[in-house]
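Below is one structure; the comments refer to it alone.
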Amino acid sequence: MKLSSDAIEVFLSVLDHGSFSAAARALGRVPSAVSMGIANLEAELDLVLFDRSGREPAPTDAARALEPQARHMLVQLRELEAHALALSQGLESRLSIAIAPELLGCDWAAQLGTLVQRYPQLDVEVLCAPQDDALRMLHEGRVQLALVFERSHFDGREGFEEVSTDTLVTVLAPSHPAYESGKAFRTDELNEYRQIVVAGRDAGPTEMRLQLSQRYWRTDNHEVAIALMQAGLGWGILPHALVRPHIAAGTLVEISLENATGIFRLWVDVVWSKQHPLGPAARMFVDLIRKGDEA
């Protein structure tokens, strides 16, 4: 049995419009072509789909039983055609994005929702990795895009768009030996205590710039960092959105610095490698996340 998308479209058009002539007008064809198409489909299926005894053809029980599957099949065929066309025009078979864990709260998921409305068959992969690891994957071609904080140095291999800003705050547990309610600290005072630093396994200058203390423990996981801080084992600098619920719960407190701001505002960039040209989906995502911040 061989069914074409055209045969299914003709079948559904007759169901929707109630007659061969009305379906023909909707499809831009002559009624005889529609009538012949239905007859051929009936012969292919060995079923009577329309009762022609009345003035207008009436769908049979068999036609109504096949209707839901036919509609589903037509949608799938249209998606297949659209996907094939997009691939022929250079669409990526997969869009891979690396996101620094500090930025998981950014509005990237909504932008992916808009993207897949345009490319419903697109395979999307989202990886969470410390910033330097995310950038390393970008340059290795493992991912096409990286959502990271602004870098302290310009890399000529990279293209980027600034998409938003994020706030980092200095926090520690109320059980920490240094904590006094309302006390403002100096950086040299904090140097006496262990800092919990979140960085990649092979941390580079991009991530370690937030290391203020000479005494520190390092982890590549923010949940681990928060657990260490809540246990009173160190202080740290983390995104406000990430620690807000812990501050509200009283397990962490935000502190201020006298000789340096306890609040750091950094740009968030979506970055790509100039050595790996972006496909249509990646370009659209960059545009969406940039416009999303402007909205």
- Query: With respect to the numbered conditions (1) of a type in the set (Gly, Ala, Ser); (2) modelled with pLDDT under 90; (3) in a helix (DSSP H, G or I); (4) exposed (fewer than 12 other Cβ atoms within 10 Å of the Cβ), which one is the sole condition not fulfilled by Ala43?
  - Reply: (2)
- Pull up segment 138-190, narrow it to residues that are of a type in the set (Phe, Trp, Tyr) and part of a loop (DSSP other than H, G, I, E, B), then point me to the one that is surrounded by the most Cβ atoms within 10 Å (Cβ to Cβ). Tyr179
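Look through Ser19, Ser13 and report the one residue that is within 30 Å of Tyr119 (Cα to Cα), hydroxyl-bearing (Ser, Thr, Tyr) and touching a residue at least 12 places away in the same chain (Cβ under 8 Å). Talk me through it step by step, then tell me what you get.
Details: Ser19 fails: within 30 Å of Tyr119 (Cα to Cα).
Exactly one of Ser19, Ser13 is within 30 Å of Tyr119 (Cα to Cα), hydroxyl-bearing (Ser, Thr, Tyr) and touching a residue at least 12 places away in the same chain (Cβ under 8 Å), namely Ser13.
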- Message: Pairs needed: first member in segment 167-180, on the phi < 0 side of the Ramachandran plot and without any contact (Cβ under 8 Å) to a residue 60 or more places away in the chain; second member anywhere, among the aromatic types (Phe, Trp, Tyr) and assigned to a strand (DSSP E or B); C-beta distance under 8 Å; at least 6 residues apart or different chains.
- Response: His176/Trp235; Ala178/Phe185; Ala178/Trp235
- All-but-one check, Ile38 against (1) at pLDDT 90 or above; (2) out of contact with any strand residue (DSSP E or B) (no Cβ under 7 Å at 6 or more places or on another chain); (3) surrounded by 12 or more Cβ atoms within 10 Å (Cβ to Cβ); (4) part of a helix (DSSP H, G or I), failing number (2)
- Message: Out of Val75, Val48, I need the residue that is closer than 30 Å to Arg118 by Cα, out of contact with any strand residue (DSSP E or B) (no Cβ under 8 Å at 6 or more places or on another chain), of a type in the set (Val, Ile, Thr) and not assigned by TED's automatic domain parsing to the domain that holds Gln121. Which one?
- Response: Val75
- Residue check for Gly234: touching a residue at least 40 places away in the same chain (Cβ under 8 Å), of a type outside the set (Asp, Glu) and crowded, with 18+ Cβ neighbours inside 10 Å: yes
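The values are calculated or read from the model by the stated rules, or taken from the named source; none is laboratory data. Note that this is a predicted model, so its numbers are computed, not measured. As a convention, Cβ positions derive from the backbone with ideal geometry for all residues, glycine included, and neighbour counts pool all protein chains shown.
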